[in-house]
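Inspection log for the structure reproduced underneath, given as structure tokens.
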2 protein chains.
Amino acid sequence: MTSAVRHTYSNDAALRSRAGRVLPNGMYGHQNAASLPPGFPQFFERGQGCRIWDSDGNEYIDFLCSYGPIVLGHQHPRVEAAAARQQALADCQNAPSARIVELAELLVAKTPLADWAIFCKNGSDATMLCMVIARAATGRGKVLVAQGAYHGAGPLLTPRATGGVTPQDRANILTYSYNDLASVEAGVEAAGDDLAAIIATPFRHDAPADLVPVDPGFALGLRAICDRTGAALILDDVRAGFRFHLGGSWEPIGVRPDLVAYSKAIANGYPLAAVLGRDSLRDGAGRIYATGSFWFAAVPMAAALATIAALEEEDAIARMVQAGLLLCDGLRRQAAAHDLVVTVSGPPQMPYMTFASDTGLERMTVFAGEAAQRGVYLHPRHNWFMSAALREEEIATALERTDEAFAGVRRRFGGS
Amino acid sequence: MTSAVRHTYSNDAALRSRAGRVLPNGMYGHQNAASLPPGFPQFFERGQGCRIWDSDGNEYIDFLCSYGPIVLGHQHPRVEAAAARQQALADCQNAPSARIVELAELLVAKTPLADWAIFCKNGSDATMLCMVIARAATGRGKVLVAQGAYHGAGPLLTPRATGGVTPQDRANILTYSYNDLASVEAGVEAAGDDLAAIIATPFRHDAPADLVPVDPGFALGLRAICDRTGAALILDDVRAGFRFHLGGSWEPIGVRPDLVAYSKAIANGYPLAAVLGRDSLRDGAGRIYATGSFWFAAVPMAAALATIAALEEEDAIARMVQAGLLLCDGLRRQAAAHDLVVTVSGPPQMPYMTFASDTGLERMTVFAGEAAQRGVYLHPRHNWFMSAALREEEIATALERTDEAFAGVRRRFGGS
């Protein structure tokens, strides 16, 4: 039986106080813990395999994986060795290293749709580049985006009408409803002869909501619409990429986009993103101007080469599926035993859970906070991510603790 | 006497051939060597101090410093040690490490104008964030940008009308002429009551052109215009930052902007960018949504802490000035001895050279190619960067070789 001693967070509180003076609101972006329940630290210090430690030394089993990048586990020996070997030679130079050729060749070989690759740094770079390349290739401006879908934080694609975004930034964005071809057709009609691209995630993973699988007929329909109109079909595989199929997350359903955006898990935490594309988009890709001081750095590319090799050789996707199934089945059983109604949605490698009648996520907030205080990191509002480092014993330990978290929800809110 | 044996480039040619199949045009962005003269490799393998080696093992004295990031020299021991220590703990986690607080505190302490900091990954992120923050803070949309100035490659700020940029992307950009306050006033009038910001580089470093110092009266005038109109004054210190003054490149002339964008040299090659701002912009910065999977990674922040400490303790700026003065004086003397008329412009830490009557840069192309073939890396169309690793002996070696490069220009084009 593992310890269920609750964590303390004094270092974290002191750091939050200092951060409040020198960072706007004390923190910003998706890693801002201000709105997470007590039990979620704002600062982390160390990671190893599927375990992470915060600045107070509290240990957690990690089911968020840095919001996706850590796919093999923290400090994966093969990836760390490859990165360290490259770092000892060079990272950011006057020109790329041979790693950029090796990695582009590897990705093109693994990805049936791809004939070429471009590298950048973050997912937002990659989705924006896909849009710009589609515009350059088609000479058109409008892009169809699913209502509520997150394709990056930049003004040109963000789904959030936050400060500093102008109407002009959004003038070329039209929306559709995910899995609803009629809404896509309406958007195509609205775009007239100016439709440059349709962008979609491989399944619906808008936060916070139950995850929704793609209807294969919907994906095929998008392909047909793009073939008919000459618009580019863009798959935003930033969040899901490398956890489903190494050839792209729509390979299992046989739908091949024209452009794919990858980032997050591509290098097990090293900063890298990629756009892969078909030959028909190569000229368009060659006519844009896109660059960044650190885009061609060799260390993340060496890490990506090692990550992709390890994903294959360690049968990592199957191991993530196995870990996710154990976790999801366990959560469903425990909820039922506590007379609580939950929906565990999404593929096992990237699941998410909601409680019935939990409109303000009050139950989920208590559940996640109780789990975090006991050393299980399950985000209350964002889908979770499995890593290949999770073994049966860690899932069992996590489930002992989530059982107590369910008990806390039951105590607070009663049964279903 | 050093060897003047010319380099060979067979590995580079083989890699270029492979790259031609899997990267659009074989390469893209600012590190594309396709338009550089023979002698400039497309691929690099290693760096150490002020020396770099390409994929054929050819050695160069580096006067480009990865287009700026390498400010202390390649593989600086203190920076590498700090990065390796951090890497052994964690880089990209579910939340930042304490390094984000330490680095924000350090930058705020060093930078007189700054009350807070935000971190991101590339210079383009930082300049775009400055623009978005200014819009959020003012509720206005228009941004005044110097004609021809480079503030990043994204569609919202790029000076290049390349493929994929829509008219809407540029609808809120108005231009002025650098060092010309009347043109700024005309832009202010055109913006009416919708002026969110004026952005400027600390001096004029548009490529390829002679570098032009800022007229202090111009900078003071921008400050006064922003004070009068309520627009934010943004200093784009991405390229020049950390080579002039650790408090920001306009500290020596006593003009303090409202927002500063930093990147490139902030972490001696590790990928990081920052926006620093005044308290008056803190609320605006807190109202935007900006984030990236790798923005909060700890290793580049640990490297930045070590870089800034080393810049101070090694008196690095003075050493870069000294190296640059030796190089620039030497080039001027050599040109005159060869009866060639050159302009060596810019501050010694970031100089650039042009030949008289060289409208197509034909002379500069021959000069830079001859220098590169002899192991001196001086970009023909982009300003150069000194590092603190350059010692008198390397400048002397470089000058022996540039003397031969000047002779090559003389042979090809005759004297002035």
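The values are calculated or read from the model by the stated rules, or taken from the named source; none is laboratory data. Note that this is a predicted model, so its numbers are computed, not measured. Glycine gets a Cβ as well: all are built from the backbone with ideal geometry, and neighbour counts include every protein chain shown.
Scan (1) over 20 Å from B:Pro96 (Cβ atoms); (2) crowded, with 23+ Cβ neighbours inside 10 Å; (3) over 19 Å from the mean Cα position of the chain (by Cα) for the single condition A:Phe44 breaks and write down its number.
With (1) over 20 Å from B:Pro96 (Cβ atoms); (2) crowded, with 23+ Cβ neighbours inside 10 Å; (3) over 19 Å from the mean Cα position of the chain (by Cα) applied to A:Phe44, the lone miss is (1).
Can you list residue pairs whose Cβ atoms sit under 8 Å apart, with the first residue in the range B:71-91 being more than 8 Å from every other protein chain (Cβ to nearest Cβ) and the second being surrounded by fewer than 18 Cβ atoms within 10 Å (Cβ to Cβ) and in a loop (DSSP other than H, G, I, E, B)? Count only pairs 6 or more apart in sequence or on different chains.
Close Cβ pairs (under 8 Å, with a partner that is surrounded by fewer than 18 Cβ atoms within 10 Å (Cβ to Cβ) and in a loop (DSSP other than H, G, I, E, B)) amount to B:Leu72/B:Glu314.
Select, from B:Glu404, B:Glu394, the only residue that is surrounded by fewer than 23 Cβ atoms within 10 Å (Cβ to Cβ) and either touching a strand residue (DSSP E or B) at 6+ places or on another chain (Cβ under 6 Å) or of a type in the set (Phe, Trp, Tyr) (or both).
On the way: B:Glu404 fails: either touching a strand residue (DSSP E or B) at 6+ places or on another chain (Cβ under 6 Å) or of a type in the set (Phe, Trp, Tyr) (or both).
Exactly one of B:Glu404, B:Glu394 is surrounded by fewer than 23 Cβ atoms within 10 Å (Cβ to Cβ) and either touching a strand residue (DSSP E or B) at 6+ places or on another chain (Cβ under 6 Å) or of a type in the set (Phe, Trp, Tyr) (or both), namely B:Glu394.
Might you check whether a residue that is among the hydrophobic types (A, V, I, L, M, F, W, C) and surrounded by fewer than 19 Cβ atoms within 10 Å (Cβ to Cβ) occurs anywhere in the range B:12-19?
Residues of the range B:12-19 among the hydrophobic types (A, V, I, L, M, F, W, C): B:13-15, B:19.
Then drop every residue that is not surrounded by fewer than 19 Cβ atoms within 10 Å (Cβ to Cβ), which leaves B:13-14.
Within the range B:12-19 (the criterion being among the hydrophobic types (A, V, I, L, M, F, W, C) and surrounded by fewer than 19 Cβ atoms within 10 Å (Cβ to Cβ)), the answer is yes, since at least one residue qualifies.
Which ranges mark the strands (runs of 3 or more DSSP E) fully within the range A:150-254 that have 1 or more residues being surrounded by 15 or more Cβ atoms within 10 Å (Cβ to Cβ) and not hydrophobic (A, V, I, L, M, F, W, C)? Show your work before the answer.
Numbers: elements: A:173-176, A:195-200, A:232-236.
By residue number, A:173-176, A:232-236.
Report yes if some residue within the range B:272-289 is among the hydroxyl-bearing types (Ser, Thr, Tyr), more than 13 Å from the chain's Cα centre (by Cα), farther than 23 Å from B:Glu313 by Cα and within 14 Å of chain A (Cβ to nearest Cβ); otherwise report no.
yes
Please determine whether any residue of the range A:121-135 is within 21 Å of A:Gly284 (Cβ to Cβ), touching a helix residue (DSSP H, G or I) at 6+ places or on another chain (Cβ under 7 Å) and β-branched (Val, Ile, Thr).
yes
Please enumerate the residues belonging to the range A:33-56 that are in contact with a Ser or Thr (Cβ under 9 Å, 6 or more places away or on another chain) and either part of a loop (DSSP other than H, G, I, E, B) or at positive phi (or both).
Correct list: A:Leu36, A:Pro37, A:Pro41, A:Gln42, A:Phe43, A:Gly49, A:Cys50, A:Ser55, A:Asp56.
Can B:Phe367 be described as surrounded by 22 or more Cβ atoms within 10 Å (Cβ to Cβ), over 16 Å from B:Arg412 (Cα atoms) and not β-branched (Val, Ile, Thr)? Before the answer, list the steps.
Values: surrounded by 22 or more Cβ atoms within 10 Å (Cβ to Cβ): yes; over 16 Å from B:Arg412 (Cα atoms): no; not β-branched (Val, Ile, Thr): yes.
So B:Phe367 fails the test.
Of the residues A:Val238, A:Val260, only one is more than 14 Å from chain B (Cβ to nearest Cβ), among the aliphatic types (A, V, I, L, M), under 28 Å from A:His30 (Cβ atoms) and touching a strand residue (DSSP E or B) at 6+ places or on another chain (Cβ under 6 Å); which?
Details: A:Val238 fails: more than 14 Å from chain B (Cβ to nearest Cβ).
Matching residue, one of A:Val238, A:Val260: A:Val260.
With A:Arg85, A:Arg46 as the choices, which residue is within 23 Å of A:Met320 (Cα to Cα) and not hydrophobic (A, V, I, L, M, F, W, C)? Walk me through how you get there before you give the answer.
Details: A:Arg85 fails: within 23 Å of A:Met320 (Cα to Cα).
Being within 23 Å of A:Met320 (Cα to Cα) and not hydrophobic (A, V, I, L, M, F, W, C) holds for just one of A:Arg85, A:Arg46, which is A:Arg46.
Got a sec? Which helices (runs of 4 or more DSSP H) wholly within the range B:263-351 have at least 2 residues that are in contact (Cβ under 8 Å) with a residue 60 or more places away in the chain, closer than 24 Å to B:Arg223 by Cβ and out of contact with any Pro (no Cβ under 7 Å at 6 or more places or on another chain)?
On the way: elements: B:282-287, B:298-313, B:316-337.
Ranges flagged: B:282-287.
Kindly indicate whether A:Thr359 is modelled with pLDDT under 95, surrounded by fewer than 24 Cβ atoms within 10 Å (Cβ to Cβ) and more than 14 Å from chain B (Cβ to nearest Cβ).
Details: modelled with pLDDT under 95: yes; surrounded by fewer than 24 Cβ atoms within 10 Å (Cβ to Cβ): yes; more than 14 Å from chain B (Cβ to nearest Cβ): yes.
The answer is yes for A:Thr359.
Given the options B:Thr127, B:Thr138, name the one that is more than 8 Å from chain A (Cβ to nearest Cβ), of a type in the set (Ser, Thr, Tyr), touching a residue at least 24 places away in the same chain (Cβ under 8 Å) and within 20 Å of B:Asp237 (Cα to Cα). Talk me through it step by step, then tell me what you get.
Values: B:Thr138 fails: within 20 Å of B:Asp237 (Cα to Cα).
The conditions single out B:Thr127.
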